[in-house]
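Here's the structure, in structure tokens; my notes come after.
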Amino acid sequence: MNRNNTQQVSAPDATTRHARLASCQGTLAKLSGLGLLALAAAAGVFAATSSAAEDVKISDASPLYGVTIPKGYRQWQLIAPAIEAEPLNELRVVLGNAKAIQAYDQGTLPFPDGTILTKLAWKHAQSPEFAPASVPGAATTVQVMVKDSKKYAATGGWGFGRFVDGKPVDLAQHQTCFACHQALVKNHDYVFTRFAR
């Protein structure tokens, strides 16, 4: 964390960037063997907008959507952890603001406006203290999704943001977000992550 309460993450390697820019069809093929937990993790879920200004840190916004990293997101509640297989090889957690947690608790779909989901990802590392255990290694991305059905009507009501080292990634990567969510999880309000109970 830096003094602005945003997580600093390192740039992904070329393999990771290539995997993220792959077509949704390639993503679907990769995900089909990972099971429900990995589907929940594969979400590219997550953001913050002016409709939830109290949760948003003023920072660089994602291209296309204008999403920023939410202020105080590290204090939000856990929705679900996940493991992403190769080539990304990541441990991930998805956190939600109060509206997100309430919607998950009540089984509300579609998610209400103001819902914000934030995914944190780290490279998978072996624990130095206990060899069979996996622990978070180097941070890779912070991904954010925010629900604003009017502002993001063309993308199912969701705005997306993907950040590396606290800065949004390029336009090309953001252009892949909604297509993948639409192809794979339209029936769950475009959200991959299911509540881990």
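Screening A103 against (1) free of Cβ contacts under 8 Å to residues at least 24 places away in the same chain; (2) out of contact with any helix residue (DSSP H, G or I) (no Cβ under 8 Å at 6 or more places or on another chain); (3) within 20 Å of N187 (Cα to Cα); (4) surrounded by fewer than 19 Cβ atoms within 10 Å (Cβ to Cβ) leaves a single unmet condition, (4). Of L88, L95, which residue is in contact (Cβ under 8 Å) with a residue 24 or more places away in the chain, under 14 Å from Q143 (Cβ atoms) and over 13 Å from the mean Cα position of the chain (by Cα)? Result: L88 is the single residue among L88, L95 that is in contact (Cβ under 8 Å) with a residue 24 or more places away in the chain, under 14 Å from Q143 (Cβ atoms) and over 13 Å from the mean Cα position of the chain (by Cα). One residue stands out in segment 124-159 among those that are farther than 26 Å from L88 by Cα and of a type in the set (G, A, S): the one that is surrounded by the fewest Cβ atoms within 10 Å (Cβ to Cβ), namely A154. Restricting segment 61-92 to residues that are among the small types (G, A, S), at pLDDT 95 or above and part of a loop (DSSP other than H, G, I, E, B), the residue that is surrounded by the fewest Cβ atoms within 10 Å (Cβ to Cβ) is G72.
For residues that are crowded, with 17+ Cβ neighbours inside 10 Å and touching a residue at least 60 places away in the same chain (Cβ under 8 Å), scanning just segment 170-187, find the one that is nearest to S62 (Cα to Cα). By that ranking, first place goes to H174.
The values are calculated or read from the model by the stated rules, or taken from the named source; none is laboratory data. It should be emphasised that the depicted structure is a prediction, and the values quoted were computed from it without experimental measurement. So basically every Cβ, Gly included, is an ideal-geometry build from the backbone, and we count neighbours across all protein chains shown.
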